[in-house]
Every structure is written in structure tokens, then in C-alpha cells.
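Following: one structure in C-alpha cells, then a few remarks.
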Amino acid sequence: MPQHVRGVVARGKGEPVRVETIVVPDPGPDEAVVSVQACGVCHTDLHYREGGINDDFPFLLGHEAAGIVEAVGTGVTDVAPGDFVVLNWRAVCGRCRACRRGRPQYCFDTHTARQKMTLTDGTELSPALGIGAFAEKTLVAVGQCTKVDPAASPAAAGLLGCGVMAGIGAAINTGGVGRGDTVAVIGCGGVGNAAVVGARLAGAAKIIAVDIDERKLETARTMGATDTVNALDTDPVEAIRQLTSGFGADIVIEAVGRPETYRQAFYARDLAGTVVLVGVPTPDMQLDLPLLDVFGRGGALKSSWYGDCLPSRDFPMLTDLYLQGRLDLDSFVTETITLDEVEDAFARMHKGDVLRSVVIF
């Protein structure tokens, strides 16, 4: 029987979100119903509310989540009721050209649940990133469920579902940070600080955090940054060069998603160095770089989608590091809140007052 649960819905562009009753259908083939235990408040959810993703309102927000599988549909063998899972928004197909080439992290045909969750009047909801986890229960494609060790805190493990994975993966998977490398991270919100953590895990010798908010820079120091630069009063390109013997960093991770900060990243890297763009730009943004500089500086200019992660590989590994005390996911959780406090959490996030607010059920 379909279930009626509480969920956070964005009805229209810029409108405050509200908690409403939503209808979750029984899982169909290759689908699962997950009882959500924790869900982080991510900037992407705010982008949905502001109409920055698309205009398929109303949205059921939330996607950075962990919970317990409650029920599965026919044909499901990978997970079973009772499994503790982290939800991911890129369920790989196994059939596209990327998957066939052994690169499923770049899957070009990721999928979500076929059925729709609805409001009680039958209005279909668009789940954020195909998940919709600001709800007591949600319906997802089974490929969006990744089993991890149930000893992990749901509030911490759920963060692997988006922001933390995006940052750690930008450093380790996309940037290929290795032992002894110099790394600069521009933008030290949740994703940027996760990139700092990823660089530290990979053995970087120097990690330079750049931001305009001293609070975020202080957090970056606690996460493993060896040096910090406040770009309000210092030219970050020159500062990064001075901190790297005049050469620039081996890898620069841009976690803001703006043309001006991307230019800083481009010129702050060493010759043949790598720039990783993990900050998400808006459709109207344009980048102007001298083509001769692109050629002359060599190296690689990369974009990082979801930290180029493969959830089935990366989520369990990072969860194990967390349980071993080698990855402090708890430090990303600034506060825990209820469903009714999501709108207020958006305001605190916009002001830079929190690293992550996490809804606990």
C-alpha cells in the first residue's frame, strides 16, 4: 500500500519551502523504498528552490542522505530490507559506452525510480537529483542505494551522498593528488573543505586553502590545510606562488564555480599542473582566457562530476576510513535539525554560518 509521509516541498521559484504530506508508492521493479535517517542540507537543494536547476516545480528536496531499506521491488538482488545504505544520485546503467569501456563513474545513462511520488491531490513531485530525501521515506532506483557498514553514524555517512564525496573525489579521483604534491583549494565551504581532507588523505605535502571568510579558513585549518589565504586582502595567485617557491601548486581545485575564481585557479597552478573545477557555475557565466596561455601552461583542465566517484567502490571505502578514525566526517556536521527547520537552515547556509546542517529523522 502507498504510504503517506512528511516531506519538504518547494512549490515555486524563490518561495519558502514547507513540510507537506507526500505519497510514496510501493516499489516497482528495480526500485526501493528507503526509510531516511539523516539528510544533509546542500546548496543544490537551495538551487532547486531558486529555480537554478530547472523549473519542474514542485520539488521534493533533499538528496544527501542515509537510511534503511524498507522494501524492494521485483528483480532486486543488490540490497534487501534492513540494509543500511547511502543514497547516490548517479545510478550507473552498466550498458552505455562509458560503462562498457570500464569507466562507470562517467556513466552517460544514469537512472532514477520510474514511479513518481506525489502530493495527496495527485500532483507529481520532482525529487531533487532523483532522490527527494527531505522526507521520512523516499522511493529510489535500487542502483541509488549503496550498502555501507551500519556502524557508521547516519548523519556522517549521508554526507558521502553528495558534498563530501564531491570534494574528496575532486582531489583523489579527478585531481589525482599524490604523495608530496602541492595543492590549493579555492573556496572552503563544504565541498572545498572536503577537497582539503581528500588532499590530506592522499598525502599532499602542502595544502593551501583560499577563501574570503576567515571562519571558513579556520575550519580548513582544522581539516588539514597547512596554509590559508584570505583573498579579501591578498592576491591569491601571488600568495599561492609564494607558498610554492614561486612555481604555483601542482593541483588547484576550484570549489566556487565562478569565472573570476577559475581564472585564479588557472594562473595559480604550476606549469603542466592541473586545474579541477568542482564548483558549479550558472548557465549565464562565460570564461575568457588567452588561448596562448592555455597552450603555453600545458597540464590539464578538468571538471569533476560528483568527484568522479563510483559509489559502490568509494562509499564503503570512505565509510571504513571514518570508522577507523582516519576520516572525520563528524566534523562536517555543524548542527542537526528537524524537517521543519530546513528553510531556516537555508538562510544559515547562505550566510556561511554552517558547514552542514543535517536533518535527523
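The values are calculated or read from the model by the stated rules, or taken from the named source; none is laboratory data. Just so it is clear, the structure is predicted and the values come from calculations on it, not from any experiment. We place every Cβ from the backbone using ideal geometry, glycine too, and count neighbours over all the protein chains shown. Accessible surface areas use protein heavy atoms only, side chains included; no ligands, DNA or RNA. Shrake-Rupley method; radii C 1.70, N 1.55, O 1.52, S 1.80 Å.
Quick look at the values:
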{"quantity": "Thr234 being open to solvent by less than 50 Å² (accessible area, probe 1.4 Å), more than 30 Å from Thr110 (Cα to Cα), not in a helix (DSSP H, G or I) and not aromatic (Phe, Trp, Tyr)", "calculated": "no"}
{"quantity": "So Ala249, is it more than 22 Å from Met165 (Cβ to Cβ), in contact with a strand residue (DSSP E or B) (Cβ under 8 Å, 6 or more places away or on another chain) and of a type outside the set (Ser, Thr, Tyr)", "calculated": "yes"}
{"quantity": "Residues of segment 272-297 that turn out to be under 19 Å from the mean Cα position of the chain (by Cα) and of a type in the set (D, E, K, R), as a count", "calculated": "0"}
{"quantity": "Test: Ala249 is open to solvent by less than 10 Å² (accessible area, probe 1.4 Å) and aliphatic (A, V, I, L, M)", "calculated": "yes"}
{"quantity": "Selection from segment 300-347 of residues that are buried (at least 23 other Cβ atoms within 10 Å of the Cβ) and among the β-branched types (Val, Ile, Thr)", "calculated": "Thr319, Val342"}
{"quantity": "Enumeration of residues in segment 65-78 that are in contact (Cβ under 8 Å) with a residue 40 or more places away in the chain and within 24 Å of His4 (Cβ to Cβ)", "calculated": "Ala65, Ala66, Gly67, Val69, Glu70, Ala71, Val72, Gly73, Thr74, Val76"}
{"quantity": "Count of residues meeting criterion [of a type in the set (D, E, K, R) and farther than 19 Å from Arg215 by Cα] in segment 316-361", "calculated": "6"}
{"quantity": "Residues satisfying the stated conditions in segment 73-109, i.e. among the β-branched types (Val, Ile, Thr) and over 25 Å from Asp320 (Cβ atoms)", "calculated": "Thr74"}
{"quantity": "Test set (1) touching a residue at least 60 places away in the same chain (Cβ under 8 Å); (2) within 24 Å of Val280 (Cα to Cα); (3) among the small types (Gly, Ala, Ser); (4) out of contact with any Leu (no Cβ under 6 Å at 6 or more places or on another chain) - Ala199 fails condition number", "calculated": "(1)"}
{"quantity": "Complete set of residues in segment 1-49 that are under 20 Å from Asp340 (Cβ atoms), open to solvent by 50 Å² or more (accessible area, probe 1.4 Å) and among the basic types (Lys, Arg)", "calculated": "Arg6, Arg11, Arg18"}
{"quantity": "Top-ranked residue in segment 256-271 [being among the small types (Gly, Ala, Ser) and under 24 Å from the mean Cα position of the chain (by Cα); ranked as surrounded by the most Cβ atoms within 10 Å (Cβ to Cβ)]", "calculated": "Ala265"}
{"quantity": "Cβ-Cβ under 6 Å pairs, at least 6 apart or on other chains, segment 281-293 side open to solvent by 60 Å² or more (accessible area, probe 1.4 Å), far side in a loop (DSSP other than H, G, I, E, B) and modelled with pLDDT of 95 or more", "calculated": "Pro281/Gly257"}
{"quantity": "Residue tally, condition under 19 Å from Gly248 (Cα atoms) and crowded, with 24+ Cβ neighbours inside 10 Å, over segment 189-219", "calculated": "10"}
{"quantity": "Test: residue in segment 307-323 that is farther than 16 Å from Ala195 by Cα, part of a helix (DSSP H, G or I), modelled with pLDDT of 95 or more and among the aromatic types (Phe, Trp, Tyr)", "calculated": "no"}
{"quantity": "Test for Lys147: is it of a type in the set (Lys, Arg), more than 22 Å from Ser357 (Cα to Cα) and in contact with an Asp or Glu (Cβ under 9 Å, 6 or more places away or on another chain)", "calculated": "yes"}
{"quantity": "Total residues in segment 50-69, condition under 22 Å from Val164 (Cβ atoms), open to solvent by 10 Å² or more (accessible area, probe 1.4 Å) and modelled with pLDDT of 95 or more", "calculated": "1"}
{"quantity": "Pair list, Cβ under 6 Å, 6 or more apart: segment 97-123 residue open to solvent by 30 Å² or more (accessible area, probe 1.4 Å), other residue among the basic types (Lys, Arg)", "calculated": "Thr110/Arg90"}
{"quantity": "Qualifying residues in segment 220-230 (those that are touching a helix residue (DSSP H, G or I) at 6+ places or on another chain (Cβ under 8 Å) and assigned to a loop (DSSP other than H, G, I, E, B)) - the one surrounded by the fewest Cβ atoms within 10 Å (Cβ to Cβ)", "calculated": "Gly224"}
{"quantity": "Filter result for Val354 (surrounded by 14 or more Cβ atoms within 10 Å (Cβ to Cβ), at pLDDT below 95 and among the β-branched types (Val, Ile, Thr))", "calculated": "yes"}
